[in-house]
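Data block below; observations after.
The values are calculated or read from the model by the stated rules, or taken from the named source; none is laboratory data. Please read these numbers as outputs of a predicted model, since none were measured by experiment. As a convention, Cβ positions derive from the backbone with ideal geometry for all residues, glycine included, and neighbour counts pool all protein chains shown. In case anyone asks, the SASA skips ligands and DNA or RNA and just uses the protein heavy atoms, side chains included. Shrake-Rupley method; radii C 1.70, N 1.55, O 1.52, S 1.80 Å.
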Amino acid sequence: MMRLALHGIGTALPDHTLADAGNSVDTSDLNTYFAARRLRRVDHFTRMTMLAGCRALHDTAGTVQEDLKTPLPLPEDMGIVISTGYGPSQTIFEFLDSIIDHGAGCASPLAFSHSVHNIPAATMSVFLNNPKPYTTICQLHGPLMAGLQTAGCWLAEGRVKKVLLGLVDEKTPLLETNTRRLLVRKGHTGEFVPVGEGACFFLLGPAEDTDGSAYGTLEFTTLSARELQKEELPEAVMTPAKSLDRLAKLNISAEATQQSDMPCAAGAELVAATMQKKQSCCIEQTGNNFGLISLTPQS
Amino acid sequence: MDRPVSICGHGCICAAGKDTRACFETMLHGDVQPVFAPGFSYDQTMQSPVFAVPQEWIKRQEQNPPLTETMQLLFPVVDEALARAGLTADKLDNLKIGTCIGSSTGASLNFKSFYQKWREGNEPDLEVIESYLHCNPAAAVAEKYGFNGPVQTVTNACSSGTDAIGIAASWIRLGLCDLVIAGGADALSGISYTGFSRLMITSPQRCRPFDKDRQGLNLGEGAAVLILASESTMQELELNSIAQVMGYGTSCDAHHLTAPHPEGSGLKQAVRDALERSGISASEIGFINVHGTGTENNDRIEGQVINELFPTTPFTGTKGFTGHTLGAAGAVEAVMTVMSLQNGLLPPTSGFHEAAEGAKAIPVSKKTAIDAKYALSDSLAFGGNNSALVFKKGAA
C-alpha cells in the first residue's frame, strides 16, 4: 500500500455530458498560457497534456491563468510522469501519411520526432523550463496504477519533492474503427461505448505533506478479484465505463462519469472520485487484478 | 543514498550474439558488419546499414495472435536470464515478480501497411492490431510467465532501457516486489529507419563513435534484461549475486526536443545523482559504458561531460557492435557493463580509429584488462532525457 498527498487536479476533457461523450477536447484555452507562435508545432495530444498539466499547477496554487503574462506557479523540484495507452497516435499516423503520400525519402522528420512517445513530457518540460526527471509509460495494462507507482517511488526516494502525474489518451478515426471492429469480432452486440480522449493531471506529494492540500490523501494497492470483494469499499466507487460489467459480476456497485472509453479512463474517474469530497475510491482493472485507489479528503 | 539491489541473472540478444556470453565474446574478440536490410526504403539520402539479429538466432515462438518482432527478441532473453539465475518455475511460485521493460518501436503504432489499406477505404485484417494489443512488452512478459507484481513499459526513447532498470531497482528497495525482470527490447522497424534517416543522423557506413570522421548512427535491434532481487529473496532461494545496481539518476535538459543541451546539463545532473545515490565519488568509477551513438551532437556533448566529470576514467562504446537498439540500448549496455565488471575486461570501441583534433575524451580502442569495483552506464534520449546507472561488481 502506498500513500500520497493530492495537492491539485487539472483536466482537459470533453464536456461531461452524455450528449458530448466521445467528443474531442477543445484546447484553445492553451493560448492563454503560451504564445500561439510557440505552440504552432505542438500536436493535439501534447496540447491536451500541457493544458491539463498547467491547470493542475494553478489548482494547486489556488491561482488562475488570466493571460499570457500570468506566471505559472511551478512547484520547486517537480518531476513529471505521463501514462498513456497509445501515445501521440495521430502524429504517428501523420508520419505514416507523409511516407505514403511523398515517399520515404521525403517523409516528414518533424512528424517523426514528434511521434516519439516521450515528446509530450519533453515538450512540457521545455515549456515549463523544468529540467527535472520525467518519464513516460505506455501500456493498456493499468496505466493509472503504473503512473502512481512511479510517482510514489520518486517521492519515497526523494528524487523530487512533487510529481505532476498525467493520464493522457487521444482519439483517432483509426482507433474508433478498430475498436468497433474488434468488439464486433468478439461478438459484442450491445451499444458501443464511444472512444474518448482527454488528459487528467494530479499534483502529488509525500503523504506526510498534506498541508495546503485541498484533496487530502490517496492510497493505492493492487488486489485480486477475491481480495477486492472482501474490501470494505466506500459508498462512492468510480470506475471506467468498460469495467462496470466486470465489477457488477463481483457484486461491486460502481459508477462511471465518462460515458466514453479510453485506456487512461481511470484518470478521469479518479478526478470524479475526488469531487465527492468524502471517502471515495477509484478502481482500475489491471489485467486479471484491480488497482484500488482510495481517497480520504482533507479533514 | 540508495540501498544496493542485487542482480542474479541476465540475458541479451543483439547483432553481436544470440546470448549474453556470445555478445560479450564478440565484443572482445570479434566483429559485426551492419547490413542493408531487405524491405527498408533506400535512396540517395537514405543509405545506412543496420545491425540486424540473424533470423537463425531467434528462437521463434508461435502464438495467436502472432508475436511482434520485439517480443520474439524479448521472450528468449527472459528465458536466458531465468536459466542463468537458476530460477526454475517452482522457485518462482509465491513470489511477487515485477516486469519493467523499456521500448520504443515495440510500443509504437508503426503498422504502415495496415494503415495504408485502411486509408484507402479497405478493412484490412486485424491480426496486426491484435498482435500490438497483446504485445505490450512488459504486459506480455508478465502474462506469459504469470508474474503478478507491478507492470510497466517505459517509453523514454533511447534511455528507456536504462530508466526501466532504475525504476525496477526502486520497486525492490521499496518492497513492491521480490524479483523484477528489468530491461529493454526493440526490433528493427522500417518506419523508425525512415524517421532517423530523414533527421539526417544515420551513417552511410558503419558507425564510428567518438571518431573524427563519425557520420551518424546505425540502427540495430536487440533485447536485454537483468533480474533484480530483494535481499530476502536472494537468501531464501540461495541466489548468486553477480553484481549490484547502486544508484540511478535521471534528468531532462528542458532545452530542445531532438538535440542535447550544449553544456550537457541534464546528463551531468543525471550522472551526479547516480553517483550521489551510490554514495561514491566520480574517481571511484572504474570504467564507463557510454551511449556513444556516433552522431556529431551526442559524441561531442557526451565527450565533454565525460571529460569534465571523469577526466581519467576509461570508457568504451559498444554501438559499433550492436547498432543503436533504441529502447533496448540502455539494457544491452547495462548487461555488457555487468559482464565487464565480472570478467575484468573492457571491449574496444568498435569503429573508433582517431579522435577529432582537440578532443579530450578518447575511448578505449582495444580490449583492455580492467580491475574495477564500480562502473557507470549512461543514456541520452530524444526529448533531452538523460539517465545513468552505477553498478558494483559481485555481492555486497
**Request:** Hey, can you find the accessible area per residue of chain A for me, probe 1.4 Å, expressed in square angstrom?
**Result:** 39
**Message:** Suppose we take every Cα in the protein assembly as shown and form the convex hull; what volume per residue is that in Å³?
**Reply:** 148
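Nearest 500 deg cm²/dmol is fine: what mean residue ellipticity at 222 nm does chain B get from its DSSP H runs of n ≥ 4 alone, each adding -39,500 (n - 2.57), divided by its residue count?
After summing the helix terms and dividing by the residues of chain B, the value is -10000 deg cm²/dmol.
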**Prompt:** In a GNM of chain B with a 10 Å cut-off on Cα contacts, which of B:164, B:139, B:329 has the highest mean-square fluctuation?
**Reply:** B:139
**Carbon plus sulfur fraction of accessible area for region B:25-153, probe 1.4 Å, in percent** = 47
**Message:** Below 15 angstrom from the Cβ of residue B:174, what's the summed charge of the other residues (Lys, Arg +1; Asp, Glu -1)?
**Reply:** +1
**Value of relative contact order over region B:85-229, rounded to a whole percent, pairs C-alpha under 8 Å and six or more apart** = 30
**Asked** Assuming R0 = 56 Å, what is the FRET efficiency of residue B:116 and residue A:31, from their Cβ-Cβ distance, to the nearest 0.05?
**Response** 0.95
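Return the inverse of the average 1/r over all pairs of distinct C-alpha atoms in region A:230-299, which is the Kirkwood hydrodynamic radius, in Å to one decimal.
On the way: mean 1/r = 0.0833 Å⁻¹.
For region A:230-299, the Kirkwood estimate is 12.0 Å.
Mind checking B:197-205 for the average number of partner chain beta-carbons within 10 Å of each residue's beta-carbon?
3
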**Prompt:** Starting at 0 and stepping by 5 Å, how many percent of the alpha carbon pairs of region B:113-174 end up in each bin?
**Reply:** 3, 15, 17, 17, 15, 11, 10, 7, 4, 1, 0
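What per residue convex hull volume, in Å³, comes out for region B:316-380 when only alpha-carbon positions are used?
So the per-residue Cα hull volume is 99 Å³.
Say R0 is 41 Å: what FRET efficiency, to the nearest 0.05, do residue B:127 and residue B:89 get from their beta-carbon distance?
0.85
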**Per-q log10 I(q)/I(0), region A:7-86, q = 0.21 Å⁻¹ (Debye; single scatterer per alpha-carbon; no solvent)** = -1.11
**Asked** Relative contact order for chain A using alpha-carbon pairs under 8 Å, separation at least 6, rounded to a whole percent?
**Response** 25
**Message:** What does the C-alpha gyration tensor say about the overall shape of region B:115-214? Classify as rounded when a/c is under 1.5, otherwise prolate if a/b is larger than b/c, or oblate.
**Reply:** oblate
**Item:** Per-q log10 I(q)/I(0), chain A, q = 0.11, 0.16 Å⁻¹ (Debye; single scatterer per alpha-carbon; no solvent)
**Value:** -0.64, -1.34
**Prompt:** For all pairs of alpha-carbon atoms in region A:1-146, what percent lies in each bin of width 10 Å, listed from the first bin to the last filled one?
**Reply:** 10, 35, 37, 15, 3, 0
**Prompt:** Considering the dipole of region B:278-354 built from charges on the beta carbon (Lys and Arg +1, Asp and Glu -1) around the Cα centre, which of B:285, B:351, B:325 is farthest to its positive end?
**Reply:** B:325
**Range in chain A, longest, excluding exposed trypsin sites (Lys or Arg not before Pro) [loop by DSSP; at most 15 other beta-carbon atoms within 10 Å]** = A:70-185
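I want the local charge near residue B:154. Using Cβ-Cβ distances under 13 Å, sum +1 for each Lys or Arg and -1 for each Asp or Glu among the other residues.
Working: positive: none; negative: B:163, B:186.
After counting each charged neighbour, the total is -2.
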**Asked** Average partner chain C-beta neighbours within 10 Å, per residue of A:199-211?
**Response** 0
**Complete:** Largest fluctuation, B:107, B:254, B:274 only, Gaussian network model of chain B with Cα springs under 10 angstrom, belongs to B:254
**Asked** Hey, rough spin-label estimate for residue A:183 and residue B:35, points 7 angstrom out along Cα→Cβ, what's it come to in nanometres?
**Response** 4.5
**Fill in**
Magnitude of the Cβ-charge dipole (Lys and Arg +1, Asp and Glu -1) of chain B about the Cα centre, nearest 20 debye, reported as 540
**Message:** Using the Karplus curve 6.51 cos²θ - 1.76 cosθ + 1.60 with θ = phi - 60°, what ³J(HN,Hα) values do you get for each residue of region A:73-85, in whole Hz, with x for Gly and Pro?
**Reply:** x, 8, x, 5, 6, 10, x, 10, 10, 10, 10, 8, x
**Cross-link pairs B:319/B:366; B:212/B:366; B:18/B:360; B:18/B:91; A:132/B:96; B:319/B:360 - those with Cα-Cα distance over 24 Å** = B:18/B:360; B:18/B:91; A:132/B:96
**Asked** Across peptide A:105-111, how many C-beta atoms of other chains are within 10 Å of each residue C-beta, on average?
**Response** 5
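Counting helices only, and only those DSSP H runs with n ≥ 4, report the 222 nm mean residue ellipticity of chain A as the sum of -39,500 (n - 2.57) divided by its residues, in deg cm²/dmol to the nearest 500. Mind showing how you got there, number by number?
Details: 10 runs with 102 residues, N = 299.
Rounded to the nearest 500, the figure is -10000 deg cm²/dmol.
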**Message:** With +1 on the Cβ of every Lys and Arg and -1 on the Cβ of every Asp and Glu, and nothing else charged, how large is the dipole of the protein assembly as shown about its Cα centre, in debye rounded to the nearest 20?
**Reply:** 760
**Asked** Heavy-atom accessible area of residue B:308 with all protein chains present, probe 1.4 Å, nearest 10 Å²?
**Response** 100
**Complete:** Between the alpha carbon centres of region B:273-315 and region A:34-48 the gap in Å comes to 35
**Request:** Return one quarter of the surface area of the convex hull spanned by the alpha-carbon atoms of chain B, equal to its mean projected area, in nm².
**Result:** 18.5
**Highest-first arrangement of B:29-37, B:224-232, where packing means the average Cβ count within 10 Å** = B:224-232, B:29-37
**Prompt:** What percent does the relative contact order of chain B come to when contacts are Cα pairs within less than 8 Å and at least six residues apart?
**Reply:** 24
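Can you compute the charge dipole magnitude of chain A about its Cα centre, using +1 on each Lys and Arg Cβ and -1 on each Asp and Glu Cβ, nothing else charged? Give it in debye, rounded to the nearest 20.
On the way: 24 positive and 32 negative charges, 97 e Å.
Magnitude of the dipole: close to 460 debye.
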**Asked** How many nm separate the modelled label positions at residue B:21 and residue B:272, each set 7 Å beyond the Cα in the direction of the Cβ?
**Response** 4.3
**Prompt:** Per 5 Å bin, what percent of the C-alpha pairs of region B:182-269 does each bin hold, from zero upward?
**Reply:** 3, 10, 12, 13, 17, 18, 10, 8, 6, 4, 1
**Item:** Residue of B:199, B:376, B:188 that the Gaussian network model of chain B assigns the largest fluctuation, springs spanning Cα pairs under 10 Å
**Value:** B:199
